[in-house]
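Following: one structure in structure tokens, then a few remarks.
The values are calculated or read from the model by the stated rules, or taken from the named source; none is laboratory data. Keep in mind that this is a model prediction, so the values were computed, not measured. So basically every Cβ, Gly included, is an ideal-geometry build from the backbone, and we count neighbours across all protein chains shown.
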Amino acid sequence: MYTIGIDLGTTLSRVAVLDDKGRPEIMENAEGELMTPSVVYFGEEGVIVGREAVVAGRDNPERVVRYAKRWLGDSQVNWEIDGTFYSPVDISSFILRKLRDDFVRIRGPVSRAVISVPAHFDANQRRLTMEAALQADITQVDLVNEPVASALMFVIGESIEAQALAADQTLVVYDLGGGTFDLSLVRYNDKKVSVIASTGDLQLGGIDWNERIVEQLALRFVAAHGLDFRTDRKFMTSMDERAEQAKRSLSTPNVTKQKVQIKYLGRELVTVIQRSEFEEWTRDLVERTCLLTEQLIEDGGTELVDINNLLVVGGSTRMPMIREAVKVLREDHLKGWTNPEFDPTSKISPEFAVAQGAALYGGILDNNSGGTTSAELADPRLSGFVTTIVNSHSLGILVRNEDDELINHIVIPRNTPLPAAVRLNVVTYRLSQERISLRIVEGEEKSYAKDENVVCVCSISNLPAGLPLGSVFEVSLFYEANGLLQVIAKHSESGLLATASVQRNQTTS
């Protein structure tokens, strides 16, 4: 039985496992590829995932779903195929099943899967990720924050064979993937990886760079022929792929321009994209990553000279503009940085570090629980290794103020080390109130909490008749070590009890 690490990506997913020497190895899928496109196609013969789904979707784009991870947690998003509605959880489960089944066929049965999630995922998105895994028949599931996985790969991954762990240090983990941007300030010390602060943007990734290319090419085509192909879904599928190819070409060190040929409705345009143009089109996206990095350092309360390394992961960091931005960040913020041409984190793969780190985390869990890993405890130093994270969003409860307005009363501020728990009392605001519903929210707004920030509702009904105004309810909120949330509410006098795991706009009692 194997413990595997899964990087469930917006655009590409990977699986890793520890080999017989305790080193994390990226596994091939059934097609012999190290990366599986996170694409699902609904065909006449069933669901297809991966490269075949990409190919099939070119002719039938209305039957293909991409980028589901971006919409995880949004209850308003689903896809209708042949009269059946599929949620982001459903799509994620198809991808996870493909990853697990391919591994089982090639290597053997899986006992545990560690799935990476963005540090900026809220409690609801984490719960939904686990729900997708359960739908995929992965029965034992653990979550690891993507920056933690990357940091583990950096401080342990290469040193397993070298028989020496990396020195104590503080890292900024800069993770720009296909669909999300994740940042964490991480401290490594004495077999412990601790997240100090996290931030990010779940709507910022490589596909946004692609969209800028498509937008500019569309404008050029309109100028040349007066036709806008952006309303043609099938043609846009091919343009998305062409933009990805152009981006990859322009990310090659010696390539500064890319020729593109577009044929649409009998019209043709041959044009050239200069790398300098591409950088100008996307300058604001790069600046967003830099501003968030500066904010992370500020939130972490860390002196700039105390940061030892800026760890760069995610396939999108191969773009020269990102490498240049990271170089400037290193020069400005890294302790004793003297050689901007040298990348101290180049020993790990930007594309595979997260999956490999997830496999290492699985090994740590197995060792610490007394079980065995796929490496059969090949390296006992995994035993006793500890990781801690922080909550990326403040946790609050909606209460009424003196003006009878609902406000977000924050009880666990963001960047609090997990696990964390709080207990507080709330009171009824009406005489003979028959029901109380507690809305738990994540976010920083205090004066107004949007409905989409409500991560769970905990309700107690059938309250005693004639309940006085101001009757007391005791509420306990508990963040688990992996960022999942549990809520318990009790009426102090009657003992009526309600519990709720994180289920957006749904109550469990």
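Odds and ends about this structure:
- Residues satisfying the criterion are present in the stretch 2-15 (criterion: of a type in the set (Phe, Trp, Tyr) and in contact with a Pro (Cβ under 9 Å, 6 or more places away or on another chain)).
- Among residues of the stretch 137-161, those that are in contact (Cβ under 8 Å) with a residue 12 or more places away in the chain, part of a helix (DSSP H, G or I) and surrounded by fewer than 21 Cβ atoms within 10 Å (Cβ to Cβ), counted: 1
- Tally, over the stretch 460-471, of residues that are modelled with pLDDT of 80 or more and not in a loop (DSSP other than H, G, I, E, B): 0
- Filter pass, ALA30 being assigned to a helix (DSSP H, G or I), assigned by TED's automatic domain parsing to the domain that holds ILE156 and surrounded by fewer than 19 Cβ atoms within 10 Å (Cβ to Cβ): no
- Only helices (runs of 4 or more DSSP H) whose full extent lies in the stretch 267-355 are considered here, and the ones with at least 3 residues that are modelled with pLDDT under 95, at negative phi and of a type in the set (Asp, Glu) are 283-299, 320-333.
- Residue list for the stretch 48-71, restricted to those being in contact with a strand residue (DSSP E or B) (Cβ under 6 Å, 6 or more places away or on another chain) and either among the hydroxyl-bearing types (Ser, Thr, Tyr) or assigned to a strand (DSSP E or B) (or both): ILE48, VAL49, VAL64, VAL65, ARG66
- One residue from ILE412, ILE389, ILE407 being more than 15 Å from VAL487 (Cβ to Cβ) and touching a Phe, Trp or Tyr at 6+ places or on another chain (Cβ under 8 Å): ILE407
- Answer residue from the stretch 390-400, given it is modelled with pLDDT under 90, within 27 Å of GLN295 (Cβ to Cβ) and among the hydrophobic types (A, V, I, L, M, F, W, C) and is surrounded by the fewest Cβ atoms within 10 Å (Cβ to Cβ) among those: LEU398
- Positions within the stretch 252-266 being polar (S, T, N, Q), in a strand (DSSP E or B) and surrounded by 11 or more Cβ atoms within 10 Å (Cβ to Cβ), in sequence order: GLN258
- Near pairs, Cβ below 8 angstrom, 6+ apart or cross-chain, from the stretch 104-128 (under 21 Å from MET153 (Cα atoms)) to any residue that is among the basic types (Lys, Arg) and not in a strand (DSSP E or B): ALA113/ARG100; VAL117/ARG126
- Qualifying position, being at pLDDT below 80, farther than 17 Å from LEU406 by Cα, out of contact with any Phe, Trp or Tyr (no Cβ under 8 Å at 6 or more places or on another chain) and surrounded by 17 or more Cβ atoms within 10 Å (Cβ to Cβ), among ALA500, ALA449: ALA500
- Once the stretch 72-85 is narrowed to residues that are of a type outside the set (A, V, I, L, M) and crowded, with 19+ Cβ neighbours inside 10 Å, the residue that is farthest from GLY9 (Cα to Cα) is TRP79.
- Residues located in the stretch 472-496, provided they are in a loop (DSSP other than H, G, I, E, B), modelled with pLDDT of 85 or more and not aliphatic (A, V, I, L, M): GLU480, ASN482, GLY483
- Within the set ASP182, ASP208, the sole residue that is touching a helix residue (DSSP H, G or I) at 6+ places or on another chain (Cβ under 7 Å), part of a strand (DSSP E or B) and at pLDDT 90 or above turns out to be ASP182.
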